[in-house]
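Peer 1: After the structure tokens below, expect a handful of questions from me.
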Amino acid sequence: MVSNMLKLFNKLKYKYDLFTAFSDFLEVSAIAISNAVCFNQEKENRYFQIKKKYTKEDFEVFTQLLAKLCEELEKNYNDVLGQLYMELGLGSKWHGQFFTPYHVCKLTASLTCDNIDDIIKQKGFITLNEPCVGGGAMPIAYAEIMKNKGYNPQKQLLVIAQDLDIKAVHMSYIQLSLLGIPAVVYHMNTLSLEAYSEWKTPFWIINNGDRRWRDET
């Protein structure tokens, strides 16, 4: 599934540290999506700071990677970036982090959907909080289960997610954005509640996520 993206990364690995290139791809992609709907000058400055590290041709690989990611997520729900991360063998460099396989997340999500009909009938939508979101596999799987049940996760799901690792924040934010899921992903320590940044997906903004979540809580 991610073979085409792996081939693109192979174009970079002989000139750049692969872990750094992967991290930079995540950050510039997240910034591009975020600034398209809610411009932030600090993020824009960071985008161009990263861009300067690469030749024009090499930076274009990031654009191609994002296009391939869009293609993969258009086919079906999945944690594409989590799988790509594992395929690139980056687990040992990323603090030993390993992402739960998507099929396991999908099974877990299916076990938590028993009362979804009653909740949506009463409120019109359902809320989901994921305090250690990783690449976003769990909320993505939950959205797929909802869709299979005949619901529209783009309108009937609100996600609040957190992660201490900014790379995981970027991964989940990118994928939730491309899947059209209303979500806010916080870069924060969920134990101390210290927050560093927030990333609102386009559909969170379009669907008045702030107001709907506030009314819910």
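Peer 1: What number, in percent, do you get for the relative contact order of the chain if the mean sequence gap of Cα pairs under 8 Å and at least 6 apart is divided by its residue count?
Peer 2: 18
Peer 1: Does anything in the stretch 156-179 have its amide N under 13 Å from the 7 Å Cα→Cβ label point of ASN189, and if so which residues?
Peer 2: So the set is 164-165.
Peer 1: Quick one: divide the alpha-carbon radius of gyration of the stretch 98-155 by 2.2 N^0.38 Å and tell me what you get.
Peer 2: 1.11
Peer 1: Still on this structure, please answer the following. Let me know the whole percent of all Cα-Cα pairs from the stretch 1-71 that are separated by more than 19 Å.
Peer 2: 32
Peer 1: Would you mind getting the accessible area per residue of the chain, heavy atoms of the protein chains only, 1.4 Å probe, in Å²?
Peer 2: Each residue of the chain exposes 50 Å² on average to a 1.4 Å probe.
Peer 1: With +1 on the Cβ of every Lys and Arg and -1 on the Cβ of every Asp and Glu, and nothing else charged, how large is the dipole of the chain about its Cα centre, in debye rounded to the nearest 20?
Peer 2: 400
Peer 1: While we're looking at this one, here's another question. Please give the length that would be gained between CYS132 and ASN152 if that part of the chain were fully extended, namely 0.36 nm times their separation in residues minus their C-alpha to C-alpha distance (nm, one decimal).
Peer 2: Gain on extension, CYS132 to ASN152, equals 4.8 nm.
Peer 1: In whole percent, how big is the carbon plus sulfur part of the accessible area of the chain, probe 1.4 Å, protein atoms only?
Peer 2: 52
Peer 1: Next question. Which of [x] 17.8; [y] 18.2; [z] 19.4 is the computed Kirkwood radius over Cα pairs in Å for the structure on display?
Peer 2: It is the value labelled [x].
Peer 1: Now, a different point. Relative contact order of the stretch 1-93, please, whole-number percent, based on alpha carbon pairs below 8 angstrom and at least 6 residues apart.
Peer 2: Computed value for the stretch 1-93: 43 percent relative contact order.
Peer 1: Evaluate the distance, in nm, between pseudo-label points positioned 7 Å from the Cα of GLN64 and of GLU44 along their respective Cα→Cβ axes.
Peer 2: 2.9
Peer 1: Same structure again: Please give the FRET efficiency for ASP165 paired with VAL104, using the beta carbon to beta carbon distance and R0 = 30 Å, rounded to the nearest 0.05.
Peer 2: According to the calculation, E is roughly 0.90.
Peer 1: Do the sum for the chain: with -39,500 (n - 2.57) for every DSSP H run of n ≥ 4, divided by all residues, what is the mean residue ellipticity at 222 nm, to the nearest 500 deg cm²/dmol?
Peer 2: -17500 deg cm²/dmol
Peer 1: While we're looking at this one, here's another question. Got the relative contact order for the stretch 113-217 handy, in percent, Cα pairs under 8 Å and 6 or more residues apart?
Peer 2: Across the stretch 113-217, relative contact order equals 23 percent.
Peer 1: Hey, can you rank 140-153, 36-49 by average C-beta count inside 10 Å, highest first?
Peer 2: 140-153, 36-49
The values are calculated or read from the model by the stated rules, or taken from the named source; none is laboratory data. Because the structure is predicted, anything quoted here is derived from the model rather than measured. Cβ sites come from the backbone with ideal geometry, for glycine too, and all protein chains shown count toward neighbours. With ligands, DNA and RNA removed, areas are computed over all heavy atoms of the protein, side chains included. Shrake-Rupley method; radii C 1.70, N 1.55, O 1.52, S 1.80 Å.
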